[in-house]
1. Looking only at segment 39-55, decide whether some residue is touching a strand residue (DSSP E or B) at 6+ places or on another chain (Cβ under 6 Å), among the charged types (D, E, K, R) and surrounded by 16 or more Cβ atoms within 10 Å (Cβ to Cβ).
2. Restricting attention to segment 36-60, and to residues there that are modelled with pLDDT of 95 or more and of a type in the set (Ser, Thr, Tyr), which single residue is nearest to Arg87 (Cα to Cα)?
3. Looking at the structure I just gave you, is Glu71 surrounded by fewer than 17 Cβ atoms within 10 Å (Cβ to Cβ), out of contact with any Pro (no Cβ under 8 Å at 6 or more places or on another chain), charged (D, E, K, R) and at positive phi?
4. So in segment 74-92, with the set limited to residues that are in contact with a strand residue (DSSP E or B) (Cβ under 7 Å, 6 or more places away or on another chain) and not in a strand (DSSP E or B), which one is surrounded by the most Cβ atoms within 10 Å (Cβ to Cβ)?
5. Could you identify the single residue in Glu33, Glu66 that is under 19 Å from Leu9 (Cα atoms), at pLDDT below 95 and either surrounded by 13 or more Cβ atoms within 10 Å (Cβ to Cβ) or within 15 Å of the chain's Cα centre (by Cα) (or both)?
Amino acid sequence: MPAITDPQLGLTSFQKALLSGTIKPKRCRVRRELYFLRDKPTPDTIRLTYAMIVGRQVKAMATYIEAEPNEGKRCFGVGYAVALPFRGPGAS
């Protein structure tokens, strides 16, 4: 199963795909700025991505990707990233 790539590279790639229309994440019902995308980077792997999107700007995202089972239980690797303009104290 694939490992998680650098989450910051993933955020940049997600942003480009969003702007080009390559991906179309679904808006969450409860938090309107939160979006969800389920995809399969390989035929055997499920990836779940949650992204905070305001306008067309991805502010932050978290990615969960299937990992090898542990003691027979399903496991996920987790990666997260925050876009540079939104990092640090007082960032909006």
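The values are calculated or read from the model by the stated rules, or taken from the named source; none is laboratory data. Note that this is a predicted model, so its numbers are computed, not measured. Note that we place each Cβ from the backbone using ideal geometry, even for glycine, and neighbour counts take in every protein chain shown.
1. Within segment 39-55, one or more residues are touching a strand residue (DSSP E or B) at 6+ places or on another chain (Cβ under 6 Å), among the charged types (D, E, K, R) and surrounded by 16 or more Cβ atoms within 10 Å (Cβ to Cβ).
2. Tyr50
3. Here the answer is yes, as Glu71 does meet what is asked.
4. Top of the filtered list is Ala83.
5. Glu66
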